[in-house]
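> What follows is a single structure, and I will ask about it in a moment.
The values are calculated or read from the model by the stated rules, or taken from the named source; none is laboratory data. As the structure is a prediction and not an experimental result, all values here were calculated from the model. In this analysis, Cβ positions are derived from the backbone assuming ideal geometry, glycine residues included, and neighbour counts consider all displayed protein chains. Side chains included, ligands, DNA and RNA excluded: accessible areas come from the protein's heavy atoms. Shrake-Rupley method; radii C 1.70, N 1.55, O 1.52, S 1.80 Å.
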Amino acid sequence: EDQVTQSPEALRLQEGESSSLNCSYTVSGLRGLFWYRQDPGKGPEFLFTLYSAGEEKEKERLKATLTKKESFLHITAPKPEDSATYLCAVHHAGNMLTFGGGTRLMVKP
Amino acid sequence: SAVISQKPSRDICQRGTSLTIQCQVDSQVTMMFWYRQQPGQSLTLIATANQGSEATYESGFVIDKFPISRPNLTFSTLTVSNMSPEDSSIYLCSVLLGELFFGEGSRLTVL
């Protein structure tokens, strides 16, 4: 069965305290892995797409990496405005899209 | 990228009524998706709507409850029929244009 699991469910960081969010997946025929940021009351905002193991992408304080089994979203020196829910989704065989449960990140000043 | 507009952005409805949510995209797309996000939860795919064919529904979702129209390559509607409080959720329209882009969502509260 295709599954996407994110951990931790919630993460509290102090401003400047770097950390990583995990997205592990078991799907058939990976076509791409998406990372999104979602603020309360808003739709998900696209961050990155990763297509193959070993690929990395960066945007400001965020860096996404991909292996054959999981993806990490590294947050370097986070700021309070990085507080949000981060979602990963996997595009796989049959044009299926499966979302993980999300990680709620809170960054305290 | 794609600009996706959803209407209404929010609504409060009475039990037993139906509501139609509209999704307009600023470019032509083959595949549009409708998701539901229940309070505090992640996104669950309701159905895939391709222009010129019937929507494909995921397990647990049926056409009688969530009829979908896709009259052209830039527009789709999702109707939530015979609503109950359990249907209170955010409903999101999305399109696949290389990446997967989302509208702002329609927050539905059923009393």
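> Based on the inverse mean of 1/r over its pairs of different Cα atoms, what is the Kirkwood hydrodynamic radius of chain B, in Å?
Kirkwood radius, chain B: 13.8 Å.
> Tally up the carbon and sulfur contribution to the accessible surface of chain B as a whole percent, 1.4 Å probe, everything protein left in place.
With neighbouring chains kept in place, the figure for chain B is 48 percent.
> Name the residues of segment B:67-111 whose accessible area falls by at least 40 Å² when all protein chains are present instead of the chain alone, probe 1.4 Å?
So the qualifying set is B:Leu96, B:Glu99, B:Leu100, B:Phe102, B:Glu104.
> Please work out how much length the chain gains when fully extended from A:Glu1 to A:Ser24, using 0.36 nm per residue of separation minus the C-alpha to C-alpha distance, in nm with one decimal.
So the extension gain works out to 6.9 nm.
> Could you work out the local net charge near B:Val110, counting Lys and Arg as +1, Asp and Glu as -1, over the other residues with Cβ closer than 10 Å to its Cβ?
-2
> Additional query: State the Cα centre-to-centre distance between segment A:46-73 and segment B:19-89 in whole Å.
Computed from Cα coordinates, the inter-centre distance equals 29 Å.
> Using the basic label-point model (7 angstrom from Cα toward the beta carbon), what is the B:Met31 to B:Arg15 distance in nanometres?
Taking the simple label geometry, B:Met31 and B:Arg15 are separated by 3.9 nm.
> So, one more: Would you mind working out the magnitude of the charge dipole of chain A relative to its Cα centre, with +1 at each Lys and Arg C-beta and -1 at each Asp and Glu C-beta, to the nearest 20 Debye?
40
> With a 1.4 Å probe, what is the total accessible area buried between chains A and B, in Å² rounded to the nearest 100?
1500
> Now for a different question. Given charges of +1 on the Cβ of Lys and Arg and -1 on the Cβ of Asp and Glu, with all other atoms neutral, how large is the dipole of segment B:1-106 about its Cα centre, in debye to the nearest 20?
It works out to roughly 160 debye.
> Report the residue, chosen from A:Leu66, A:Leu97, A:Leu21, that carries the largest GNM mean-square fluctuation when chain A is represented by alpha-carbon nodes joined by springs under 10 Å.
Sorting by GNM fluctuation, first place goes to A:Leu97.
> Turning to a different aspect of this structure: Based on a Kirkwood Rh over C-alpha pairs, give the Stokes-Einstein translational diffusion coefficient of segment A:40-87 at 10 °C and viscosity 1.306 mPa s in µm²/s.
Numbers: Rh = 12.0 Å.
This corresponds to a translational diffusion coefficient of 133 µm²/s.
> How much space per residue, in cubic angstrom, does the convex hull of the C-alpha atoms of the protein assembly as shown take up?
Values: hull volume 25.9 nm³, N = 220.
About 118 Å³ per residue, rounded to a whole number.
> Estimate the FRET efficiency between B:Ser59 and A:Arg61 by the formula 1/(1 + (r/R0)^6), using the beta-carbon distance for r and 45 Å for R0, to the nearest 0.05.
In this case the efficiency is close to 0.75.
> Just going by the charge dipole of the protein assembly as shown, with Lys and Arg at +1 and Asp and Glu at -1 on Cβ, which of B:Thr109, B:Leu96, A:Thr65 is farthest out on the positive end?
Final value for the positive-end residue is B:Thr109.
> Another question, then. Report the rotationally averaged projected area of segment A:3-108 based on its alpha-carbon convex hull, in square nanometres.
Taking a quarter of the hull surface, the average projection is 6.0 nm².
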